[in-house]
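Colleague: Quick one: the structure is below, questions incoming.
Throughout, read-outs are computed from the coordinates displayed, never taken from laboratory work. Predicted, not measured: the structure shown is a model, and the values here were computed from it. Cβ placement follows ideal geometry from the backbone for every residue including glycine, while neighbour counts extend to all protein chains displayed.
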Amino acid sequence: MKGYLLIFVISASICASLAEVYLEEKFQDDTWEKNWIYSKHPGKEFGKFVRTAGKFFNDEEEDKGIQTSQDARFYALSTKFKPFGTEGKDLVVQFTVKHEQNIDCGGGYVKVFDCSLNQEDMHGESPYRLMFGPDICGPGTKKVHVILNHNDKNVLINKDIRCKDDVYTHSYTLIIKSDNTYEVLIDGEKAEGGELEADWDLLPPKKIKDPEAKKPEDWDDRATIPDPDDTKPEDWDKPEHIPDPEAAKPDDWDDEMDGEWEPPMIDNPEFKGEWSPKQVDNPAYKGAWVHPEVDNPEYTPEPDLYKQKEICAIGFDLWQVKSGTIFDNVLITDDVEYAKKAMAGLKDKQDGEKKNKEEQDKVEREAAKEEEEKKEDNEDDDDDEDDEKPVVEENDHDEL
């Protein structure tokens, strides 16, 4: 028994030692600009990122990330790292987003690339391996994108995942596991998960409708039919509109000048509409016909659907109407536990941001109140000055 336990401990240690962190960027100082490259793709008006903790924070130095700084701009910034493949490994992509500007329309996601990325020419059509993160535009779009590239085709997840839409920092984590399953975490909590094959249309469907099958001609799928014994009542047909019986020709109406007078038409209270026989159960009803399915000859299972042959870059490729989003804590690893520990202080950061913002809001409200009171006092002083002005009588002018 001790031998088995020893083997288990050794195996666990080996697995832990094999786990790797491929990129971890916390933007702790201004040297980040040496590692990240702006795109110079022609025809786009690109905005710049600035390193800052923003307007409110928990720890100003610790909470600094890179913030979009110009409204109505595209943003294209990327960094490369040592290339790796994910065969037999989990893939974790994680980062934090703080829409402190209360974003109205703009992206907050990242794109992960292979080594073919030309960083100085990165743009919206640059091929990528996956795209992940929040996207907000108006009240109708508040979602987390999860797009995977398979056989050079970008495929969006077929589930709706709602993103956070407040002004505080939130973490987004995508875990693609080597057993072809995945998880999307927001603030460390599972927001979605399942099987890659089930939640993306990465492969042709396993089953298709049998092309040889057709609904039999005598198949009756009408649940009800018109009652053959029902007949239209003799007094059914009434006109929809009738002359108003209470209308009278105006006294000043001249038939020769105005033409023959006709009373206005009104809705007929006896009008019953188009008659149709009542419905009864169809004795020949066989139910809804279901098209039989057969195995799809174009379907081939892929046991390594999760696998990425090469990953070596990550970037922000965004459009924002109102700037102010802060990105931070960018992490790419195959170690799920390490990613979890990296976000251990998130709750404290959020609490600190909320407290700091509440204090700032209070100061701003008090300043605005004082300004309003000062304005009212000035207006009262002006009114008093007008009241104190001497009144010059006409007689005084005459004396002069």
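Colleague: Only one residue in ALA313, ALA344, ALA339 is more than 23 Å from ASP152 (Cα to Cα) and outside any loop (DSSP other than H, G, I, E, B). Which one?
Modeller: Testing whether each residue is more than 23 Å from ASP152 (Cα to Cα) and outside any loop (DSSP other than H, G, I, E, B) leaves just ALA339.
Colleague: A follow-up question, please. Being assigned to a loop (DSSP other than H, G, I, E, B) and more than 45 Å from the chain's Cα centre (by Cα), is that true of even one residue in segment 191-214? Step through it out loud before you land on a result.
Modeller: Our first condition is that a residue be assigned to a loop (DSSP other than H, G, I, E, B); within segment 191-214, this holds for 200-206, 210-214.
Checking which are more than 45 Å from the chain's Cα centre (by Cα) leaves us with none.
For segment 191-214, residues assigned to a loop (DSSP other than H, G, I, E, B) and more than 45 Å from the chain's Cα centre (by Cα): absent.
Colleague: Now for a separate question. Any chance segment 223-236 includes a residue that's part of a strand (DSSP E or B), more than 30 Å from LYS340 (Cα to Cα) and of a type outside the set (Val, Ile, Thr)?
Modeller: The answer is yes, given that some residue of segment 223-236 is part of a strand (DSSP E or B), more than 30 Å from LYS340 (Cα to Cα) and of a type outside the set (Val, Ile, Thr).
Colleague: Which of (1) without any contact (Cβ under 8 Å) to a residue 24 or more places away in the chain; (2) surrounded by 10 or more Cβ atoms within 10 Å (Cβ to Cβ) is the odd one out, the single condition LEU203 does not satisfy?
Modeller: Status for LEU203: all satisfied but (1).
Colleague: Name the residues in segment 37-57 that are buried (at least 19 other Cβ atoms within 10 Å of the Cβ) and under 18 Å from LYS26 (Cβ atoms), would you?
Modeller: Correct list: PHE49, ALA53, GLY54, PHE57.
Colleague: Tell me, yes or no, whether segment 76-85 has at least one residue that is surrounded by fewer than 19 Cβ atoms within 10 Å (Cβ to Cβ), of a type in the set (S, T, N, Q), closer than 28 Å to ASP361 by Cβ and touching a residue at least 24 places away in the same chain (Cβ under 8 Å).
Modeller: No, that holds for no residue.
Colleague: Can you pull out the residues in segment 255-266 that are outside any loop (DSSP other than H, G, I, E, B) and surrounded by 10 or more Cβ atoms within 10 Å (Cβ to Cβ)?
Modeller: Listed by number, the residues that qualify are ASP258, MET265, ILE266.
Colleague: Looking at segment 277-296, is at least one residue in a loop (DSSP other than H, G, I, E, B), small (Gly, Ala, Ser), farther than 23 Å from GLU87 by Cβ and free of Cβ contacts under 8 Å to residues at least 40 places away in the same chain?
Modeller: Among the residues of segment 277-296, not one is in a loop (DSSP other than H, G, I, E, B), small (Gly, Ala, Ser), farther than 23 Å from GLU87 by Cβ and free of Cβ contacts under 8 Å to residues at least 40 places away in the same chain, which makes the answer no.
Colleague: Follow-up. Taking segment 240-254, which residues are more than 54 Å from the chain's Cα centre (by Cα), closer than 20 Å to LYS272 by Cα and assigned to a loop (DSSP other than H, G, I, E, B)?
Modeller: Of segment 240-254, the ones more than 54 Å from the chain's Cα centre (by Cα) are 242-254.
Keeping just the survivors that are closer than 20 Å to LYS272 by Cα gives 242-245.
Passing the criteria: ASP244, PRO245.
Colleague: Can you work out which of the residues in segment 117-150 that are assigned to a helix (DSSP H, G or I) and out of contact with any Lys or Arg (no Cβ under 6 Å at 6 or more places or on another chain) is farthest from LEU91 (Cα to Cα)?
Modeller: As a first pass, look at segment 117-150 and keep what is assigned to a helix (DSSP H, G or I): 119-121.
Going one step further and asking which of them are out of contact with any Lys or Arg (no Cβ under 6 Å at 6 or more places or on another chain), we end up with 119, 121.
Values: GLN119: 22, ASP121: 26 Å.
That would be ASP121.
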